Amino acid sequence: MANTNKNIFDITNNFFIIDSNNIDKIENRLYGFTFLNNSLIKNIEDLQDNEPQGDGAYVLIKKNHTKVTISQDFIGSYGLYLYKNGDYFAISNSFIYLLDYIKQTHKITFNWDFANYMIPSELCSASFSQTMINEIEILDRCAIINIDIETKQLDISYIDYKENTVELNSVEGMAILDNWYNKWTNLIYDLKKQNQDIQLDLSGGFDTRIILTLFLGSGINLNNIFIYSMHDDLHTHTEDYEISSAIGKHYGFSLNNHSMLNKDYINYSMDDSINISFYLKLCFHKQMYPRLRRQRKHIHYFSGSGGECIRSYWNMSEEEYIQKAINRCNASYSSLANKFQQSTKNIIKKAFEDIKNKFEKFGRSLSEENLTRNLYRETRCRNHFGKDVIENLFGGFIKYTPLLDPDLHKLKLNDSLCLDNNLLMTVILDRYNPDLLSFKFDSNRIIEANTIKHAQDLNRRFPYISPQIKEIITSGCDTQQKTIKNHDDVNFYNTIKNYENAIKDIYYSDRVRTMFELIYGETVYNFFSKEISTKKFHPLQNAYTTIAITKVFQDALIYENLHSLSIAESLQSNIIETKSSFLEKDSLLNHPYLENYVALRLDIKNTGECNNDLEISKTSDTNIKISKPAWLAKNGNGYTIESQKGSIEMTLRCINSGTLSIAFRSRDVRNLKKERIPFWIDLKQVNINGEIQLSNTKPIWHDSPFRISRKVENGEIIQISIQWEPHDERTAPIVEENTNTNIQTPDTIKQNKTSFQKLLKKLLKRS
C-alpha cells in the first residue's frame, strides 16, 4: 500500500483531443482495453493487424498515410464527443475535456433543455445525441469517425451489430449462444491459469446469476476467487446476501473472502479522484463512484452489467416512458416544474426520433416495446454501465461485462411460441446450470413456469455439446500476501468522507450557489440541499448535477476557463465560505463574472475650465474603485467610480465652478466579437444634497445610462446617496430611451419576459 498527496492521474494521457489543426500530430493509440482470443489487449501494439470486434471498453485511433480512423467498443463506454463549427471540428473521449479545449476560441451555447432535463432525471442521461452544449454532440455508440488527412474532411460511418435479429429457436441462434458461453468460460479459465486476481459480483438478481453460470462452467475453484455480495443494513442488500449465501452453500464457495484479492495499491490525490469521475461522467450521470486509489496489479472484475438488455426491462411504450419521466418534474421544483416537463419531453422525444432513424438506416423498424428497450441500450446502459467500466479501469480493475457482448445481443429475447422477453435469460440458466433456477430471486421476482418449460424444450431440441473438459484449477495465490489490515478499512472510509466533503464544499461554495440560483432560483437549490443532508443512498447525486450545470453555464457565458489546470482545481479554487455564510448580503459578489450583474459605475465630471476638478472626500464603500481616465480630462476633469455594495453615500468637493454631470451605468463588458453585452441593473434611488433625483426603479446598462447635471460653485460640497439592485424584470420592465447606441434590445426586452434567467439565456445567445 502506498499513500500520495501528489496528482498521479494524467489527464492528457487518458483523454485526447483531435481537431482540424492537429491531425498531422496524431499517433496510433488504444484507450481502454479489448480482448482477442482470450487475451487482454491494453496496448495497440498487441493488436498487431487485428481489429477489435466491440468487446471491452475502448477508443481506438489508427492512422495511415491518408486517413485517421476512430472506433469504439460495442456500448460506446467512453463516448465520442464531436464539436463542429463550419470547417472546424474537434473530437474527444471526454465531454468536459473537449469543452475546456474549445471554449476559449470557439463559440458555444448552453443547451437549456438538456440542463432542465437533467435536474429531475432519475440516474443518468437518456439523450441519444444531445449534450449540455448545443454545438457538441455525443456520437452514436456504433459510429466510426473517418478523417481525410489531406482535405481534413470528416465522415462518419456506422457498424450494424444486428441487435435482436437472430431467432433463438434456431441452429444459428443456439450456436451463437454456445460460442458466447465457451468464449467466456475459456477466458475465465485462462485468467485463473495465469494466477490473476478475479472478483465476481453475486446478488439475488438475474444478471449476476447468469455470470455465475460462466464461472461454474469454467473449471476453476470458486474458493480461489473473490465473490462479492453486498452485506449492509439496506433491506435490498440484506435479501441479496441471503440468496447469495444459499447459492454459495449449495456450490461450496464462500462470500466476501478478501484474502483472495491483492491490496497493493497507490492512493489518488483528491484532485485525481474528482478529475477521474468528472472528466468521464459529469453532465451525463448523477452518481459518482470515486476512484480513491489504483491497484498496482489489475483485478479482473466480472459483473452482470447490462443484463437489462437481454431480459424483460423497460417494457413500455414511447408515450408511457415520456410520461414516467415527466412525472418526476413534480411540485418540489415549484414554478419551474412545467419548464422541466417540457424540456424532458423535448430531450426524450428527440432521442426516440434518433433511434428510429438509426435503425431505419439499417433497414429495420422497431416496435413500441423494442423502441424503449433500445433507448435503454443506446443511452442509459452506455452512460451507466459503459462509463462505470472506464471508472473502474482508472482504479486498476479490468471490468468484464459478458452480458454486453455484441454477439449475445444479436439474439432475439423471445420467439413466436413464447413472447416472454425473459426467455433468452431462462434458456441460458437452464442450458448451462439448471440448478440455479431453483433459487429464489430478489424483490419477489420470478420467471414464469411456462417460460421455464419452453426454455427446457428448446435446450432439449438443440442440446449443448460441451467441449473437452478442462482440468480444474485448484491452486491460488499466497493468501497471506493479500490480507488487508483492518486499519486500512478505516483509512479508506475516512478518504471517502474526505471526498464527499470536498464535493460538498464545491456545492456549498458561493460561486456555485449564486450562479445556480441566478439560473433556477432558491427553491431548487434548497431542495437539493435538503436531499444532501437527509438522503442515505447517494445523497450527493443532485450536487453533481448542480456542479455540472454551473460549470457548463459559466463556460458558455464567458467562453473561458478559470485558468486552472483541471476541472478539480477549477471547481475547488473559489471555495471561500461555508454554507452558513449564504445569509450574508454580499455573498453574491464572490464570483468575478457575477459582479457584472451588480456593479454600478458612475462617470462623474466637473465640466468647464481645464483645471476644473472634483475631490472625493468621503465614501461609505471601503472597496470602491476610483479611476481618472484620459477621456474625462477635456474641459475639466472627471472620474469613473465603481461599487458592488448596492448602496453608497459619497461626499464630493467641487474645485472651480462648472457643470457637474453624472452618468449612472453598468460595466463595459464585451464578447469575443468586441460587442458590448447588456448587463442591466436596477437603479432604485438617487439623492443629491437631500433632493430626490430618482424615486422609481429605473433599469440601466452601459449604453442606456441615467444622467444628471447641475451647476456647481467653487468649493461646493455635494452629498450623493445611491441605491441599486440586480435587474428584475418582474418589478422593473425595461423601456429603452432613444440613445446613441447601435446595440439592439434583447428579444426578452421586446417580449417583456418575466424572469431573470430568461434574460441570461438571451444574452448567452447574443454572445
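The values are calculated or read from the model by the stated rules, or taken from the named source; none is laboratory data. Owing to the predicted nature of the structure, the values given are computational and were not obtained by experimental measurement. Every residue, glycine among them, receives a Cβ derived from its backbone with ideal geometry; neighbour counts consider all protein chains shown.
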Exercise. Can you name the number of the only condition in (1) more than 22 Å from the chain's Cα centre (by Cα); (2) over 27 Å from residue 545 (Cα atoms); (3) not basic (Lys, Arg) that residue 105 fails?
Worked result: (2)
Problem set entry | Lone qualifier among 711, 684 - being of a type outside the set (A, V, I, L, M, F, W, C) and farther than 22 Å from residue 606 by Cα | 684
Seminar exercise, completed: Of the candidates 214, 177, 202, the one satisfying the condition of being of a type outside the set (Phe, Trp, Tyr), touching a helix residue (DSSP H, G or I) at 6+ places or on another chain (Cβ under 9 Å) and over 25 Å from residue 250 (Cα atoms) is 177
Exercise. Does residue 222 satisfy being under 22 Å from residue 305 (Cα atoms), modelled with pLDDT under 95, more than 28 Å from the chain's Cα centre (by Cα) and not charged (D, E, K, R)?
Worked result: no
Seminar exercise, completed: Scanning region 536-583 residue by residue, the ones that are modelled with pLDDT of 65 or more, touching a helix residue (DSSP H, G or I) at 6+ places or on another chain (Cβ under 8 Å) and not in a helix (DSSP H, G or I) total 3
Exercise. If you check residue 176 against the conditions, is it closer than 30 Å to residue 216 by Cβ and among the aliphatic types (A, V, I, L, M)?
Worked result: yes
Seminar exercise, completed: Screening 378, 353 for residues that are among the acidic types (Asp, Glu) and surrounded by 22 or more Cβ atoms within 10 Å (Cβ to Cβ) leaves only 378
For this session: Considering (1) under 18 Å from residue 315 (Cα atoms); (2) surrounded by fewer than 18 Cβ atoms within 10 Å (Cβ to Cβ); (3) touching a Leu at 6+ places or on another chain (Cβ under 9 Å), say which one residue 437 fails and leave the rest.
Result: (1)
Exercise. Restricting to region 402-437, what's the tally of residues that are over 15 Å from residue 210 (Cβ atoms) and over 38 Å from the mean Cα position of the chain (by Cα)?
Worked result: 4
Exercise. Only one residue in 131, 109 is among the polar types (S, T, N, Q) and surrounded by fewer than 17 Cβ atoms within 10 Å (Cβ to Cβ). Which one?
Worked result: 109
For this session: Considering only region 310-382, give the helices (runs of 4 or more DSSP H) lying wholly within it that have at least 1 residues that are in contact with a helix residue (DSSP H, G or I) (Cβ under 7 Å, 6 or more places away or on another chain), at pLDDT 90 or above and within 26 Å of residue 517 (Cα to Cα).
Result: 318-326, 337-361
Exercise. How about region 506-539: which of its residues are charged (D, E, K, R) and surrounded by 14 or more Cβ atoms within 10 Å (Cβ to Cβ)?
Worked result: 510, 511, 513, 517, 531
For this session: Identify the residue in region 271-288 that is part of a helix (DSSP H, G or I) and not aliphatic (A, V, I, L, M) and, among all such residues, is nearest to the chain's Cα centre (by Cα).
Result: 281
Problem set entry | Matching helices (runs of 4 or more DSSP H) fully within region 421-521 where at least 3 residues are under 30 Å from residue 408 (Cβ atoms), among the basic types (Lys, Arg) and modelled with pLDDT of 85 or more | 449-461
Exercise. Among the residues of region 298-307, is there at least one that is in contact (Cβ under 8 Å) with a residue 60 or more places away in the chain, part of a loop (DSSP other than H, G, I, E, B) and surrounded by fewer than 16 Cβ atoms within 10 Å (Cβ to Cβ)?
Worked result: no
For this session: Among the residues of region 670-689, write down those that are assigned to a loop (DSSP other than H, G, I, E, B), surrounded by fewer than 18 Cβ atoms within 10 Å (Cβ to Cβ) and either touching a strand residue (DSSP E or B) at 6+ places or on another chain (Cβ under 7 Å) or hydrophobic (A, V, I, L, M, F, W, C) (or both).
Result: 672, 689
Problem set entry | Test: residue 76 is touching a residue at least 60 places away in the same chain (Cβ under 8 Å), touching a helix residue (DSSP H, G or I) at 6+ places or on another chain (Cβ under 8 Å) and under 18 Å from residue 143 (Cα atoms) | yes
